[in-house]
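Let me begin by presenting the structure, written as structure tokens, before commenting on it.
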């Protein structure tokens, strides 16, 4: 689990193990699932996530799948918090042992006792045991973006939608790119956009499961990257997003760039792209390279909401290469 480069699974397979992978986040060539596969396992291996909540949830959902005497391995870098990574699970399992160290990394090990009682020990091994409900009734899980609260950027974008309704070109589908738990789409439904007009795109399968519950009549897809045209080859009537701009610990504009360039090609002519990003990011330059009309329509602290129209020139369109 959590090894996006798949190196551990490949090494185990090469050593003769039969390996099942659980990836919460989709990537090219990688399918995602909201929960681990069923079965009993001799070994569970987890690459430490930057979120303590994500790591804790993954351990609770998988340690009960270990056979008696089976081993759990938790590994990561010291600057990622591996020294204390077992802190949240220790009250359930007891102490973990340091199996190896090196390269500023550490490998922790726990062996399931033969008489270990998951339920009696307090192991929360089902997703429903982790369900969170916000004051407005929205469903989520720990470590899911928009699952516990509305972050300041999304809140600013929602206020901008209330002050200036989304400009749509016709009644075609509206794309919520990087939808998280469906916070923005819920606001769009409240503003009058029919939920069956919404397509929510989210690479985190657990966040997508929350979005399905929060916007039940919308279409939700688990995938990464720009999706291309709307279903049946239509243009998007509008696109909204609070896009991510980190790849692991590093900051990256790759997703934001793919969103802007893709929207420039696949929006309907009078449709609108509306996004919220930190104001320090060089987003205006990216927008003006492909959109004729670009406006900053809301500011609050470090966040800024940008609105861009889809009337771009043929010359600009030919320079765009959506990813």
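Below are the figures for this structure:
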| quantity | calculated |
| --- | --- |
| Of all residues in region 146-166 being under 18 Å from residue 259 (Cα atoms) and touching a strand residue (DSSP E or B) at 6+ places or on another chain (Cβ under 6 Å), the one that is surrounded by the most Cβ atoms within 10 Å (Cβ to Cβ) | 157 |
| Hey, residue 187 within 30 Å of residue 37 (Cβ to Cβ) and not assigned by TED's automatic domain parsing to the domain that holds residue 31 or not | no |
| Hey, residue 204 closer than 30 Å to residue 71 by Cα, buried (at least 19 other Cβ atoms within 10 Å of the Cβ), in contact (Cβ under 8 Å) with a residue 24 or more places away in the chain and not assigned by TED's automatic domain parsing to the domain that holds residue 92 or not | yes |
| Residue in region 231-240 that is crowded, with 23+ Cβ neighbours inside 10 Å and under 29 Å from residue 56 (Cβ atoms) present | no |
| Residue match in region 237-246 (condition: outside any loop (DSSP other than H, G, I, E, B), closer than 25 Å to residue 140 by Cβ, assigned by TED's automatic domain parsing to the domain that holds residue 171 and free of Cβ contacts under 8 Å to residues at least 24 places away in the same chain) | yes |
| Some residue of region 273-294 being part of a helix (DSSP H, G or I), at negative phi and loosely packed, with under 13 Cβ neighbours inside 10 Å | yes |
| Residue 11 vs. criteria in contact with a strand residue (DSSP E or B) (Cβ under 8 Å, 6 or more places away or on another chain) and in a helix (DSSP H, G or I) | no |
| Matching entry among 64, 76 (being farther than 24 Å from residue 117 by Cβ, in contact with a helix residue (DSSP H, G or I) (Cβ under 6 Å, 6 or more places away or on another chain) and crowded, with 16+ Cβ neighbours inside 10 Å) | 76 |
| Single residue of 88, 124 found to be modelled with pLDDT under 95, under 30 Å from residue 244 (Cα atoms) and surrounded by fewer than 20 Cβ atoms within 10 Å (Cβ to Cβ) | 88 |
| Checklist (1) touching a residue at least 24 places away in the same chain (Cβ under 8 Å); (2) within 26 Å of residue 38 (Cβ to Cβ); (3) not assigned by TED's automatic domain parsing to the domain that holds residue 308 applied to residue 82, failing item | (2) |
| Flag for residue 18 being at pLDDT 95 or above, out of contact with any helix residue (DSSP H, G or I) (no Cβ under 8 Å at 6 or more places or on another chain) and assigned to a helix (DSSP H, G or I) | no |
| Region 217-236: number of residues that are assigned to a loop (DSSP other than H, G, I, E, B) and within 16 Å of the chain's Cα centre (by Cα) | 6 |
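The values are calculated or read from the model by the stated rules, or taken from the named source; none is laboratory data. On a predicted model such as this, the values are computed, not experimentally measured, just so you know. Every residue, glycine among them, receives a Cβ derived from its backbone with ideal geometry; neighbour counts consider all protein chains shown.
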